[in-house]
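**Q** Can you read through this structure? Questions will come right after.
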Amino acid sequence: MFEKFFNPEAVAVVGASNNPVKIGYAIMRNLISSGYAGKIYPVNRNPGDILGIHSYQSLTDINRSVDLAVITVPAASVFDEVKECVSLKVPYVIIIPGGFSETGESGREVEKSIKNLIKGSHTRLIGPNTVGVYFPHTKLNTALTPPERVSFPVAGDIAFISQSGALGLLTMDSISEYGIGISAFVNIGNKIDVDENEFLEYFNQDARTKAIAIYLESMDNGRRFYELLRAINRVKPTVVLKSGRTEASAKAASLHTGALASNDRIVDGMLRQAGAARAYDEVELLDYSRVLAYSKPFAGERIAVVTTAGGVGVITSDYVSSRSHGIGLHMATLSEDTKAEIRKQIVSFGSAENPVDLTADGDIPSYEKVLGVLQKDRGVDAIIAYALPQTPKMNMEVVEVISRLSAADKPILVGVIGSKLGKELLVEFERARIPAFPSIERVVKSLKVLHERGIYLKSRGLL
Amino acid sequence: MNLGNLVASIRKEEVTESVLKDTFRQLGILVPRGVTLKELPPIMDLEFPVVLKVSDEKILHKTEIGGVVTGIRNKDELKSAFYSMKAKFPASEFLVEEMIEGGLEMITGIIRDKDFGLSIMIGTGGIYTELFGDVTFRLLPIDSADASEMIDEVSVGRFTGNGFRGVKADRKAIVEFLLKISEFGIAAGDFLEQLDLNPVKINYQQIYVLDAKLIKTKLLET
């Protein structure tokens, strides 16, 4: 299922246009400029070329089968185009335009009639009201935002399912800056046919995908979603961002349980039960997806911190230990052997206690030895290592060092502060699939998510 | 009697508090010893202190309307409490139960959610739970790992292990209790709309359901 959708050999753009204000123009441009290698068939009632490619007056005129049709015509014309897709047995159709159920009752009726068209057919619909898809590996990009406005991420390990198109595009733009990659992006839009559950199933099987990030506004088949999520999370981690947290739930409140049962509380319990991480915004969504995709979960509670700046180490310790404004884990008590080894690597005013402070004097070889010793200390369950660019002795080699030591048993999460060399460091860590984060808070929160997955798996005999 | 038969037997009748408690008793869940009555008999096989409650399916929140008197220490107190309550609710039945003192109060409930179906809840604090919001949910059915995690997500978890200020709650006993409620919920799945067990009293390993209410789905009534 969905093989041809994710790897289409031929794509038709219905409503393709030379007019720069039309959606059919933006999508054609994105398809061409992103380097999609399959065949592109523009379809427009008027004869001629579109962006230099021969255009057809109808899908039928193409006279060969396409794997995917992208419909960009206005809502009122969508019905007829889908009808033609069904008769031509086009397996996948993305309906880009809005103007359906999100606008009211008449839009809902049109959606219903379109849905009726595909009953018993070979055609599956994605959307409507969607920006479509972006697949880095086939460079298929149906987004309607011009490339000079947003950038698209490189190929990576995270599948991104989003109910909102704009949030999806903007998030992809944000993560691109740090070289964070994705395995696929799909915007399910009004999901009149294919929904999040079917894509979840696909990405569960997809070898490129190591973690699945999901943004949802509604769960129409919540039970199924839960059951899938629970099964998938036994092996592949998922992160869910669900909006509408403060919506009142529709119910005839009568007993105390009913009064206490807000929709958000049930969603929260459902996600915990399914072993999914919960994100509260787009930054958390991708941070948590990365840490879960790149690192091994851990169930222990003892955290070691390595820094070259005292303040950063102390703030991190507070965040690690505090329950009220932190994650309520413990700073590891290092063994005497560990401390003796660390003392050999640091200057006298450094700290061999946890948080380990190498000070501005800390160079790459001593950093490597300290991390090595911490990996061996049996009182340590996970490590936060800071790569801070303010000292001359810190350089890009730290990426290779942490990468090498991450192969050992305990996960290492990296914190980076700064924007010049700092950003370069983040990009390099990302390339090495080391979870690195541009703030203290983000590295600690991501650590907590990795720990929670460890606890979940362990208490179910899976770790 | 097995769970299926038990649930089938309450499926059709009015599920009053005493019917529900009888069912729980047969499932191995502790409920206070008690008697359902319309008139006060001369002799009752109950130990004081007792609690007097109105038992009427139509009354959902009896505390708020004076339908509960706790801490009744002797026959005379019971008599006067009974007649003043009878004056208030002349058509209802009443429940006299031995009072379970001390311990930690918890709420447990089940609700049918429009997206996720039957879901189970626990919360700390009995009548104060709504104020504190110290609750957590799971979808039915739950397993023992789910139950244990629920306990830790609310303050009840802090009374497990060594307890807190002398009040102790046994994790294993709470887990077993929640699994029984989960099984009951699944068995009653076709007619259960909401279930309130509030309060549930935890005295270390002994977990008593002090009050129980069940609302059936509207579909069944038609």
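The values are calculated or read from the model by the stated rules, or taken from the named source; none is laboratory data. No experiment lies behind these values; they were computed from the predicted model shown. Neighbour counts run over all protein chains shown; Cβ positions are idealised from the backbone, glycine included.
**Q** Check B:Gln206 against each of (1) free of Cβ contacts under 8 Å to residues at least 40 places away in the same chain; (2) away from chain A (no Cβ under 11 Å) and name the one condition it does not meet.
**A** Single failed check for B:Gln206: (1).
**Q** A follow-up question, please. Taking region B:61-85 as the search range and keeping residues that are surrounded by 16 or more Cβ atoms within 10 Å (Cβ to Cβ) and more than 26 Å from B:Val167 (Cα to Cα), which one is nearest to the other protein chains (Cβ to nearest Cβ)?
**A** Here the answer is B:Lys62.
**Q** Quick one: which of A:Lys369, A:Lys410 is among the basic types (Lys, Arg), farther than 23 Å from A:Val449 by Cα and out of contact with any Lys or Arg (no Cβ under 6 Å at 6 or more places or on another chain)?
**A** On inspection, the qualifying residue turns out to be A:Lys369.
**Q** Which of the residues that make up region A:2-38 are more than 24 Å from A:Glu148 (Cα to Cα) and touching a residue at least 12 places away in the same chain (Cβ under 8 Å)?
**A** The answer is A:Phe2, A:Lys4, A:Phe5, A:Phe6, A:Asn7, A:Pro8, A:Glu9, A:Ala10.
**Q** Further question on the same structure: Can we say A:Ala69 is touching a residue at least 24 places away in the same chain (Cβ under 8 Å) and not in a strand (DSSP E or B)?
**A** no
**Q** Turning to a different aspect of this structure: For residues that are more than 13 Å from chain B (Cβ to nearest Cβ), charged (D, E, K, R) and either under 24 Å from A:Glu102 (Cβ atoms) or part of a helix (DSSP H, G or I) (or both), tally how many sit in region A:218-249.
**A** 1
**Q** Evaluate the following for A:Arg208: is it away from every other protein chain (no Cβ under 13 Å), in contact with a His (Cβ under 9 Å, 6 or more places away or on another chain) and part of a loop (DSSP other than H, G, I, E, B)?
**A** For A:Arg208, the condition - away from every other protein chain (no Cβ under 13 Å), in contact with a His (Cβ under 9 Å, 6 or more places away or on another chain) and part of a loop (DSSP other than H, G, I, E, B) - is met.
**Q** Identify the residue in region B:132-173 that is among the aliphatic types (A, V, I, L, M) and part of a helix (DSSP H, G or I) and, among all such residues, is nearest to the other protein chains (Cβ to nearest Cβ).
**A** Restricting to residues being among the aliphatic types (A, V, I, L, M) and part of a helix (DSSP H, G or I), the top hit is B:Ala145.
**Q** Follow-up question, since we're still on this one. For the structure I just gave you, tell me whether A:Ser164 is under 30 Å from A:Asn19 (Cα atoms) and in contact (Cβ under 8 Å) with a residue 40 or more places away in the chain.
**A** So A:Ser164 fits the description; yes.
**Q** If you take the residues of region A:141-154 that are more than 18 Å from the chain's Cα centre (by Cα) and crowded, with 17+ Cβ neighbours inside 10 Å, which of them is farthest from A:Ala26 (Cα to Cα)?
**A** Restricting to residues being more than 18 Å from the chain's Cα centre (by Cα) and crowded, with 17+ Cβ neighbours inside 10 Å, the top hit is A:Thr142.
**Q** Then there is this: Would you pick out the residues in region A:250-277 that are at pLDDT 90 or above, surrounded by fewer than 22 Cβ atoms within 10 Å (Cβ to Cβ) and facing another protein chain (nearest Cβ under 8 Å)?
**A** A:Arg265, A:Asp268, A:Arg272 - these are the residues of region A:250-277 that are at pLDDT 90 or above, surrounded by fewer than 22 Cβ atoms within 10 Å (Cβ to Cβ) and facing another protein chain (nearest Cβ under 8 Å).
**Q** Quick one: is A:Arg278 in contact (Cβ under 8 Å) with a residue 24 or more places away in the chain, of a type in the set (D, E, K, R) and under 25 Å from A:Val370 (Cα atoms)?
**A** Answer is no for this residue.
**Q** Oh, and also: Residues to consider are A:Gly52, A:Gly24, A:Gly35, A:Gly15; find the one that is over 26 Å from A:Gly189 (Cα atoms) and either modelled with pLDDT of 95 or more or among the small types (Gly, Ala, Ser) (or both).
**A** Only one candidate qualifies: A:Gly52.
**Q** Which of the residues belonging to region A:192-210 are surrounded by 24 or more Cβ atoms within 10 Å (Cβ to Cβ) and not aromatic (Phe, Trp, Tyr)?
**A** Across region A:192-210, the qualifying residue is only A:Glu196.
**Q** Here is a follow-up. Hey, could you check region B:1-43 for residues that are among the acidic types (Asp, Glu) and assigned by TED's automatic domain parsing to the domain that holds B:Lys216 and say which is nearest to the chain's Cα centre (by Cα)?
**A** B:Glu17
**Q** Additional query: Testing A:Leu371 on (1) within 26 Å of the chain's Cα centre (by Cα); (2) under 30 Å from A:Val235 (Cβ atoms), one condition comes back false. Which one is that?
**A** Of the numbered conditions (1) within 26 Å of the chain's Cα centre (by Cα); (2) under 30 Å from A:Val235 (Cβ atoms), the odd one out for A:Leu371 is (1).
**Q** Then there's this: Considering only residues that are under 12 Å from the mean Cα position of the chain (by Cα) and either within 7 Å of chain B (Cβ to nearest Cβ) or not in a helix (DSSP H, G or I) (or both), which ones fall in region A:278-302?
**A** Those that are under 12 Å from the mean Cα position of the chain (by Cα) and either within 7 Å of chain B (Cβ to nearest Cβ) or not in a helix (DSSP H, G or I) (or both): A:Ala279, A:Asp281.
**Q** Let me ask something additional. For residues that are under 18 Å from the mean Cα position of the chain (by Cα) and buried (at least 21 other Cβ atoms within 10 Å of the Cβ), scanning just region B:101-117, find the one that is nearest to the other protein chains (Cβ to nearest Cβ).
**A** In this case the residue turns out to be B:Gly109.
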